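Engineer: Here it is: the structure, laid out below.
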Amino acid sequence: MRGAAACFVPVLALAALAGLWAGCVRSQSFVNDHPYYDDSAHSYYNRQGGKGAGTIAERIEQLGQPKKKVVVFDFWNDTPVQGGDLGSFAADELRRGLFETERVILPLDIKAQLQTDQFIQGDKVKVAQLVLEGRKLGVSVVVIGRIAKLVFRQRGDDVGLLRQTQSLAAAELEIKVFDVQAGREIMAIGRSGESSTNALVAFEKEHLESPEYRSELSKLAIRDALSAGAVDGVVKGVEKMSWEGRIAKLNGRKIYVNAGRVSGIVNGDILRVTTPGEDVYDPATGAFLGTAQGQLKGTLEVVDFIGEDGAVASVHTGGGFHEGDVVRLY
């Protein structure tokens, strides 16, 4: 009888384990969040409006500097932990955070699959190429990022049929922000994050060590790193920049500017117009030094708006304006 009872206990344990296993492999945080970042319907690209439209805060915000147009390139996953598109996941998490602040503009028509590592040579950023790409995309700010480190560890009891195991992941990120018009880096920040989950393990430990499971924990650690002030840091850096727009088209006495109500331009705003600045290179090394400010041509007055985010202006002072000329708030 004692022998039968001894055999019965493991059978009960394994039956209980079978019921628990389905909920133990993945962290509950990942299970809860998984529909969010796997469902393209929740992507910031598919969201046509932000929260708080028409609020007092928004109207007051429009009285300040116009919002800058920002593009975030997919992060460079500079770690041995590959798979799971971690670089694009990190970039989309940052895009989502920036979009929800409503303090910058992420143009919905820009879905360029540009990678940060395309603009890295050794330990240096190819600033000239990065700035040129930003100008082609028509944005004021380019953000690039690097996943510098990913660590995955497990700890727990090694003895017993049912034992508790904790899986942990840590991520270290580096983010750089570039002013496209000035042709220079304006800030660099580093952030770290972590994630963990507990599981009951019998003979299925290999599932906790699978690449898919590590990718899930890594994503949660990346999200944690980006939530640790990264979005706020980027926004504050961008808002310290002076806003710049462009003359998009001239039609008789009407001059069209590539920024309007969405950007925060207000009817009656006076805009200074300058020629596009020239890029300056070191004659000895050929290194890109930055972009010199252009020559003042005159001023425009905003009199109307057009389309989703365009303005119509009339000549206030000066003349000789051309498409591509730079405009700034007076």
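Engineer: Exactly one of these conditions fails for Ile265: (1) modelled with pLDDT of 90 or more; (2) farther than 30 Å from Ser314 by Cβ. Give me its number.
Structural biologist: Evaluating Ile265 over (1) modelled with pLDDT of 90 or more; (2) farther than 30 Å from Ser314 by Cβ leaves (2) as the failure.
Engineer: Within the bounds of region 108-120, is there any residue that is farther than 25 Å from Ser192 by Cα and within 12 Å of the chain's Cα centre (by Cα)?
Structural biologist: Looking for residues that are farther than 25 Å from Ser192 by Cα and within 12 Å of the chain's Cα centre (by Cα), one finds none in region 108-120, hence no.
Engineer: Which number in (1) buried (at least 19 other Cβ atoms within 10 Å of the Cβ); (2) at positive phi marks the one condition that Ser140 misses?
Structural biologist: (2)
Engineer: Run Gly320 past the list (1) within 26 Å of the chain's Cα centre (by Cα); (2) exposed (fewer than 14 other Cβ atoms within 10 Å of the Cβ); (3) not aliphatic (A, V, I, L, M) and report the number of the one that doesn't hold.
Structural biologist: (1)
Engineer: State all residues of region 263-274 that are out of contact with any His (no Cβ under 8 Å at 6 or more places or on another chain), surrounded by fewer than 17 Cβ atoms within 10 Å (Cβ to Cβ) and among the hydrophobic types (A, V, I, L, M, F, W, C); if no residue qualifies, say none.
Structural biologist: Of everything in region 263-274, just one residue is out of contact with any His (no Cβ under 8 Å at 6 or more places or on another chain), surrounded by fewer than 17 Cβ atoms within 10 Å (Cβ to Cβ) and among the hydrophobic types (A, V, I, L, M, F, W, C), namely Val266.
Engineer: Which one of these is touching a residue at least 60 places away in the same chain (Cβ under 8 Å), surrounded by 15 or more Cβ atoms within 10 Å (Cβ to Cβ), closer than 26 Å to Gly183 by Cβ and outside the structural domain of Lys136 (by TED's automatic domain parsing): Gly260, Gly298, Gly277?
Structural biologist: Gly277
Engineer: Count, please, the residues in region 108-124 that happen to be surrounded by fewer than 14 Cβ atoms within 10 Å (Cβ to Cβ), touching a helix residue (DSSP H, G or I) at 6+ places or on another chain (Cβ under 9 Å) and free of Cβ contacts under 8 Å to residues at least 40 places away in the same chain.
Structural biologist: Number of matching residues: 1.
Engineer: What do you reckon, is Leu271 part of a strand (DSSP E or B) and at pLDDT below 90?
Structural biologist: no
Engineer: In addition: Please state which of the following conditions Gly286 fails to meet, knowing it meets all the rest: (1) at negative phi; (2) more than 28 Å from the chain's Cα centre (by Cα).
Structural biologist: Against the list (1) at negative phi; (2) more than 28 Å from the chain's Cα centre (by Cα), Gly286 comes up short only on (1).
Matching residues to (1) outside any loop (DSSP other than H, G, I, E, B); (2) modelled with pLDDT of 90 or more; (3) not acidic (Asp, Glu):
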| site | (1), (2), (3) |
| --- | --- |
| Val81 | no, no, yes |
| Ala90 | yes, yes, yes |
| Leu94 | yes, yes, yes |
| Phe99 | yes, yes, yes |
| Ala112 | no, no, yes |
| Lys136 | yes, no, yes |
| Val142 | yes, yes, yes |
| Ala148 | yes, yes, yes |
| Gly160 | no, no, yes |
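The values are calculated or read from the model by the stated rules, or taken from the named source; none is laboratory data. Please read all numbers here as calculations on a predicted model, not as lab measurements. Ideal geometry is used to build each Cβ from the backbone, glycine not excepted, and the neighbour counts take in all protein chains shown.
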